[in-house]
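Since the structure comes first, as structure tokens, the remarks are kept for the end.
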Amino acid sequence: MSKRSAEVPSNLDWTAIRTVFLDMDGTLLDLNFDNQFWQVHVPLRYAERHGMALQEARDELFKRYRQVEGTIDWYCLDYWTRELQMDIALLKEEVDHLIAVHPHVVEFLDAARGAQRRVLLVTNAHGKSLGLKMDRTRLGGHFDSIICAHDFGLPKEQPAFWRRLRDTEDFDPATTLLVDDSPSVLRSAHQYGIRYLRAVHQPDSQRPPREDLDFPAIRTFLDIMPPSA
């Protein structure tokens, strides 16, 4: 898919939007936590456990990551706990000081709900990770509902996920906005028919912004703030 090839408008028509789906990691929350955890902290602990050099541990783990990338197992802490023989949920708590909310997120959530839109967190994150992040950020009360892909056994990258979601949530794809930092998730949602799609320029605050994206992207949530009533 070429840049902006998806048939989505460059500006949001808030008068047509009734439902707002929001991703968590990289969209509402700084992806720095997850990148540091999987790419630095887990390899460090794995190397310590097995008496390996850090680079050797990284090479082994990254190969294993790639084997399940884009599947529900990639997001499953129980899967990685079994595979690596380490308590992944507990390891996350060791670096939970890195969990951070992106700028203007709370302002956007409150504005969207104040404008009478239904606002849902729709995440691939495992329940244990979701619980940790909601506990640390206190964002849970800002949503009308929280949807965890593990409840469906399907990640958002698969178009069948959206069909399953529609069995649970009464939404019209033509009047729905999805904001997600994952291009593959946005492509899946586009294929399903979700009309309003937004990517994220800088999911990780410690890495450069992404510019060559297939979908219109926000730099902060101020870019798509709904008009005040």
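Here, each number is a calculation from the coordinates, and none is a lab measurement. Because the structure is a prediction, the values reported are computed rather than measured. Here Cβ is always computed from backbone atoms with ideal geometry, including for glycine, and neighbour counts include all displayed protein chains.
If amide H atoms are built 1.01 Å from N in the plane of the peptide, which residues on other chains or at least 5 residues away come under 5 Å of the amide H of L178?
Under 5 Å from the amide H of L178: F21, Y196, L197, R198.
When the Cα centres of the stretch 88-164 and the stretch 18-73 are compared, how far apart do they sit, in Å?
17
Once every DSSP H run of n ≥ 4 in the chain is given -39500 (n - 2.57) and the sum is divided by its residues, what mean residue ellipticity at 222 nm do you get, rounded to the nearest 500 deg cm²/dmol?
Helix-only estimate at 222 nm: -10500 deg cm²/dmol.
Could you run the Karplus curve 6.51 cos²θ - 1.76 cosθ + 1.60 with θ = phi - 60° over the stretch 175-192 and give me ³J(HN,Hα) per residue in whole Hz, x for Gly and Pro?
The phi angles translate into 10, 10, 10, 10, 10, 8, 7, 8, x, 5, 5, 5, 5, 4, 5, 4, 4, 6 Hz.
I'd like the Kirkwood hydrodynamic radius of the stretch 33-97, using the inverse of the mean 1/r over distinct C-alpha pairs, in Å.
That comes to 11.9 Å for the stretch 33-97.
Order by neighbour count: W162, W14, fewest other Cβ atoms within 10 Å first, most last.
Sorted ascending by nearby Cβ count, the order is W14, W162.
Scan around L29 for amide H atoms under 5 Å from its own, H built in the peptide plane at 1.01 Å from N, and keep only partners 5 or more places away or cross-chain.
H102
Please compute the Cα-Cα pair-distance distribution of the chain with 10 Å bins starting at 0, giving whole percents from short to long.
So the P(r) values, bin by bin, are 7, 32, 37, 18, 5, 1, 0.
Any idea what the dipole of the stretch 14-142 comes to, in debye rounded to 20, about its Cα centre with Lys/Arg Cβ at +1 and Asp/Glu Cβ at -1? Show your work: numbers first, answer last.
Details: 16 positive and 19 negative charges, 96 e Å.
In total the dipole reaches around 460 debye.
Determine the relative contact order of the chain: mean sequence separation of Cα pairs under 8 Å and six or more apart, normalised by residue count, in whole percent.
Answer for the chain is 31 percent.
Based on other C-beta atoms within 10 Å, arrange S129, S182 from fewest to most. Intermediate results must be reported in sequence, preceding the final value.
Values: S129 25, S182 21.
Least crowded to most crowded, the residues run S182, S129.
With +1 on the Cβ of every Lys and Arg and -1 on the Cβ of every Asp and Glu, and nothing else charged, how large is the dipole of the chain about its Cα centre, in debye rounded to the nearest 20?
320
Through the Karplus equation 6.51 cos²θ - 1.76 cosθ + 1.60, θ set to phi - 60°, convert the phi angles of the stretch 135-141 into ³J(HN,Hα) values in whole Hz; use x for Gly and Pro.
My calculation for the stretch 135-141 gives 5, 6, 9, 6, 7, x, x Hz in order.
Short version: ³J(HN,Hα) in whole Hz for each residue of the stretch 58-75, in order, from phi by Karplus 6.51 cos²θ - 1.76 cosθ + 1.60 (θ = phi - 60°), x for Gly and Pro, what are they?
4, 4, 5, 5, 5, 5, 5, 4, 4, 5, 10, 4, x, 9, 5, 5, 4, 8
May I ask you to order 36-43, 206-213 by the average number of other C-beta atoms within 10 Å around their residues, highest value first?
Those peptides, ordered most packed to least, come out 36-43, 206-213.
Quick one: K92, K156, fewest Cβ neighbours within 10 Å first, how do they rank?
On the way: K92 23, K156 27.
Starting with the residue having the fewest Cβ neighbours, the order is K92, K156.
Nearest 20 debye, what's the magnitude of the dipole of the stretch 33-97 about its Cα centre given +1 on Lys and Arg Cβ and -1 on Asp and Glu Cβ?
Computed charge dipole of the stretch 33-97: roughly 180 debye.
What does the charge add up to near E169, with Lys and Arg as +1, Asp and Glu as -1, over the other residues with Cβ less than 13 Å from its Cβ?
After counting each charged neighbour, the total is 0.
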